[in-house]
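Engineer: First, the structure itself, so that you have it in front of you.
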Amino acid sequence: AHLTVGIAWIGASFYFNWLENRLIRQQSVNPAIEGDLWAIHGGGFYHVQKYEVAPDELPAQLHWFKWEAYFTWFTGLALLALIFYGNANVYLLDQSVAQLAPWQGITIGVATLAISWIFYDLMCRSAFAERHLLLALIIFTYFCLLAILLCNTFSGRGAYIHVGSAIGTVMVLNVMAVIIPSQKSLVQAMQTGGERDAALGRAGLTRSRHNNYLTLPVLFIMISSHYPSTFSSSWNWLILIGIAVAGIVVRHYFNVRHLPGTKWWLLLVGAGIFVLIALMTLPESRPTLDTVKSVSIENVRSVIHERCTVCHSAAPVHTDFREAPGGIVMDTDEQINTLASRIYTTSVATRSMPIGNLSQMTEAERQLIGDWYAQLGRASQ
C-alpha cells in the first residue's frame, strides 16, 4: 500500500512540475489563460490550460491531489511503527552504536519527526522565507546534521529510515498544512467574491518547490534497506548526504532543462557523485591467501550456530522470527557451504549481519569467516 500510494503521489508531483515548466505562455484569445499545452498519450490528444487566477465559474467536478500524499504518510508511519518500533532491538537499535533501550529509541524517533517539522515550518515562516536559496541551504544543512546525529544513535538502517521519515513528514505536512489550505483559499475566494490571500499562495508555491527537490532523496531512503553497503558503512551518514545531493542535482536538471543554456553538466555532477559513492561502498576484497589462517568447517559451524542460526534456522529461537528471514537456513554444513558467498558478503564485506549485531558477533569471528571464505576460493581454483 505504501509503495502504491507513493507512486501515485510522486507521479502526480512529477507530472505537474513537468506541465508547469512546459506551458506555452503566449498571448491567448482568453486573457485569463496563463498558458496551455497540447499532448498526445494513449491514442488520444489532450489540451491542458492553466488560468492566471481562476475561471469565471467553478466546474461541477474539481479534482484535488492530496489523498495520495496523506495515505503515503499514513502507510509509512504504520510501517515505521510495525517494523522499526515493534522490533526496535532488531531493526532500530545497534548497541555497538549507542546503548539505548527500545523505549528510548522510539522516543528519539518520534521526536525526530516532530522537531523536523517544527524547525522547517519556523524557517519557512521566518525572514528567510524571502531568501529562497538561503532558506534551502538552511533546511539542507539541518537534514545533513540530522543524518550525522541519527547515524551515531541508531543502527544504520534505523538512521536512514528516520531521516527519510522526517523528510516525508515535512513533505506531507507541507501539503496538508500549507498547499491545500492555499488552494481552498482560492476556491473560497471564487465562491464568495473575496480576495485571495497572496501570501498563502506564495507560501504554497515555496513548499511545493521544496517537495519537488526532496522527492528523489526520500525515494532512495524508502528502498535503502535493500542496499546494506550504504547504511552499514562507517561513512553511512556521508553516503546518505551524497546520495541526497546527487538526487537534488538530477531533479534540478529536469526542472531547468527547458530553459536556454547548457544544462547537461548537472547530470555529469550527479553521475560523478554516484561513482564516488559506488567506490566508497565497494565491499572488502577477499583476504589474500598469504594472510589467511587455516579454518575448519567445525570452527565456522560453531560461529554460525552461535551468531546466525538464532534467526536463520528451520526453528529460530529468536522471539521476533517465526521462520528464517528470507528463507535462509544455516543449520547444516551443506547449507553453510552453499551460502558461503552470502555469509561472507553480509557478515564481513558489508557487516550488515547479524542485523543490529544482536548476537554480538566479534571481530575475531568475522575474521575467521573471511579466512574460511578465502580457503574456499583457493579450493575451487
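Engineer: Leu82 - would you say it is surrounded by fewer than 14 Cβ atoms within 10 Å (Cβ to Cβ) and modelled with pLDDT under 95? Walk me through it before giving the result.
Structural biologist: Numbers: surrounded by fewer than 14 Cβ atoms within 10 Å (Cβ to Cβ): yes; modelled with pLDDT under 95: no.
No, not satisfied.
Engineer: Which of the residues that make up the range 333-378 are surrounded by fewer than 17 Cβ atoms within 10 Å (Cβ to Cβ) and either within 26 Å of the chain's Cα centre (by Cα) or at positive phi (or both)?
Structural biologist: Arg342, Gln360
Engineer: Quick one: would you say Val303 is surrounded by 12 or more Cβ atoms within 10 Å (Cβ to Cβ) and assigned by TED's automatic domain parsing to the domain that holds Thr169?
Structural biologist: Details: surrounded by 12 or more Cβ atoms within 10 Å (Cβ to Cβ): yes; assigned by TED's automatic domain parsing to the domain that holds Thr169: no.
Against the criterion (surrounded by 12 or more Cβ atoms within 10 Å (Cβ to Cβ) and assigned by TED's automatic domain parsing to the domain that holds Thr169), Val303 does not qualify.
Engineer: Would you be able to say whether some residue in the range 293-306 is within 22 Å of His226 (Cα to Cα) and assigned to a helix (DSSP H, G or I)? Talk me through it step by step, then tell me what you get.
Structural biologist: In the first step, residues of the range 293-306 are kept if they are within 22 Å of His226 (Cα to Cα); the result is none.
No, the conditions are met nowhere in the range 293-306.
Engineer: Assigned by TED's automatic domain parsing to the domain that holds Tyr70, outside any loop (DSSP other than H, G, I, E, B) and touching an Asp or Glu at 6+ places or on another chain (Cβ under 7 Å): is that true of Ala189 in this structure? Even if it seems obvious, please write down each step before you answer.
Structural biologist: Details: assigned by TED's automatic domain parsing to the domain that holds Tyr70: yes; outside any loop (DSSP other than H, G, I, E, B): yes; touching an Asp or Glu at 6+ places or on another chain (Cβ under 7 Å): yes.
It is true that Ala189 is assigned by TED's automatic domain parsing to the domain that holds Tyr70, outside any loop (DSSP other than H, G, I, E, B) and touching an Asp or Glu at 6+ places or on another chain (Cβ under 7 Å).
Engineer: Does Leu62 qualify as being in contact (Cβ under 8 Å) with a residue 60 or more places away in the chain, over 19 Å from the mean Cα position of the chain (by Cα), surrounded by fewer than 10 Cβ atoms within 10 Å (Cβ to Cβ) and not in a helix (DSSP H, G or I)? Reasoning before the result, please.
Structural biologist: Details: in contact (Cβ under 8 Å) with a residue 60 or more places away in the chain: yes; over 19 Å from the mean Cα position of the chain (by Cα): yes; surrounded by fewer than 10 Cβ atoms within 10 Å (Cβ to Cβ): yes; not in a helix (DSSP H, G or I): yes.
Spelling it out, Leu62 is indeed in contact (Cβ under 8 Å) with a residue 60 or more places away in the chain, over 19 Å from the mean Cα position of the chain (by Cα), surrounded by fewer than 10 Cβ atoms within 10 Å (Cβ to Cβ) and not in a helix (DSSP H, G or I).
Engineer: Looking at (1) part of a loop (DSSP other than H, G, I, E, B); (2) touching a strand residue (DSSP E or B) at 6+ places or on another chain (Cβ under 6 Å); (3) of a type in the set (Gly, Ala, Ser), which is the one condition that is false for Gly35?
Structural biologist: Among (1) part of a loop (DSSP other than H, G, I, E, B); (2) touching a strand residue (DSSP E or B) at 6+ places or on another chain (Cβ under 6 Å); (3) of a type in the set (Gly, Ala, Ser), the lone unmet condition for Gly35 is (1).
Engineer: Taking the range 309-348 as the region of interest, how many residues are assigned to a helix (DSSP H, G or I) and among the hydroxyl-bearing types (Ser, Thr, Tyr)? Walk me through it before giving the result.
Structural biologist: If we filter the range 309-348 for residues that are assigned to a helix (DSSP H, G or I), which is where we start, we get 325-327, 333-338, 340-348.
Add one more test, that the residue is among the hydroxyl-bearing types (Ser, Thr, Tyr), and what stays is 338, 341, 344-347.
Looking only at that region, the number is 6.
Engineer: Could you count how many residues in the range 208-225 are under 15 Å from Leu135 (Cβ atoms), of a type outside the set (Gly, Ala, Ser) and touching a Ser or Thr at 6+ places or on another chain (Cβ under 9 Å)?
Structural biologist: Initial filter on the range 208-225 (under 15 Å from Leu135 (Cβ atoms)): 208-214.
Those left that are additionally of a type outside the set (Gly, Ala, Ser): 209-214.
Applying the additional criterion that residues be touching a Ser or Thr at 6+ places or on another chain (Cβ under 9 Å) yields 211-212.
So the answer is 2.
Engineer: Do we have Tyr142 as touching a Cys at 6+ places or on another chain (Cβ under 9 Å), of a type in the set (Phe, Trp, Tyr) and either within 30 Å of Gln104 (Cα to Cα) or assigned by TED's automatic domain parsing to the domain that holds Tyr253 (or both) here?
Structural biologist: Details: touching a Cys at 6+ places or on another chain (Cβ under 9 Å): no; of a type in the set (Phe, Trp, Tyr): yes; either within 30 Å of Gln104 (Cα to Cα) or assigned by TED's automatic domain parsing to the domain that holds Tyr253 (or both): yes.
No; evaluated as a whole, the condition is false for this residue.
Engineer: If you take the residues of the range 1-17 that are of a type in the set (S, T, N, Q) and surrounded by 14 or more Cβ atoms within 10 Å (Cβ to Cβ), which of them is nearest to His47 (Cα to Cα)? Please lay out each step first, then the result.
Structural biologist: Residues of the range 1-17 of a type in the set (S, T, N, Q): 4, 13, 17.
Then drop every residue that is not surrounded by 14 or more Cβ atoms within 10 Å (Cβ to Cβ), which leaves 13, 17.
Details: Ser13: 19, Asn17: 17 Å.
Among residues in the range 1-17 that are of a type in the set (S, T, N, Q) and surrounded by 14 or more Cβ atoms within 10 Å (Cβ to Cβ), the one nearest to His47 (Cα to Cα) is Asn17.
Engineer: Give the residue that is farthest from Ser352 (Cα to Cα), with candidates limited to residues of the range 62-113 that are out of contact with any His (no Cβ under 9 Å at 6 or more places or on another chain) and of a type in the set (Ser, Thr, Tyr).
Structural biologist: Residue satisfying both the conditions and the ranking: Tyr70.
Engineer: Return only the number of the condition from (1) in a helix (DSSP H, G or I); (2) over 23 Å from Thr319 (Cα atoms); (3) touching a helix residue (DSSP H, G or I) at 6+ places or on another chain (Cβ under 9 Å) that Asn89 does not satisfy.
Structural biologist: Looking at each condition in turn, Asn89 falls short on (2).
Engineer: Please work out if Ser313 is hydroxyl-bearing (Ser, Thr, Tyr), over 22 Å from Tyr160 (Cα atoms), buried (at least 16 other Cβ atoms within 10 Å of the Cβ) and modelled with pLDDT of 90 or more. It would help to see each step written out before you state the result.
Structural biologist: Working: hydroxyl-bearing (Ser, Thr, Tyr): yes; over 22 Å from Tyr160 (Cα atoms): yes; buried (at least 16 other Cβ atoms within 10 Å of the Cβ): yes; modelled with pLDDT of 90 or more: yes.
Yes.
Engineer: Name the residue that is farthest from Arg251 (Cα to Cα), counting only residues in the range 18-42 that are surrounded by fewer than 13 Cβ atoms within 10 Å (Cβ to Cβ) and at pLDDT 90 or above.
Structural biologist: Among them, the one singled out is Gly42.
Engineer: Take the residues of the range 116-162 that are polar (S, T, N, Q) and more than 30 Å from Gln360 (Cβ to Cβ): which is surrounded by the most Cβ atoms within 10 Å (Cβ to Cβ)? So that I can check it myself, show each step before the final result.
Structural biologist: The initial filter retains those residues of the range 116-162 that are polar (S, T, N, Q), namely 116, 126, 141, 152-153, 155.
The next check asks that each one be more than 30 Å from Gln360 (Cβ to Cβ); those that pass are 116, 126, 141.
Details: Ser116: 23, Ser126: 12, Thr141: 10.
This residue is Ser116.
The values are calculated or read from the model by the stated rules, or taken from the named source; none is laboratory data. Every value quoted in this text rests on a predicted model; they were computed, and no experiment measured them. Methodologically, a virtual Cβ is constructed for each residue, glycine included, from the backbone with ideal geometry; neighbour enumeration extends over all protein chains shown.
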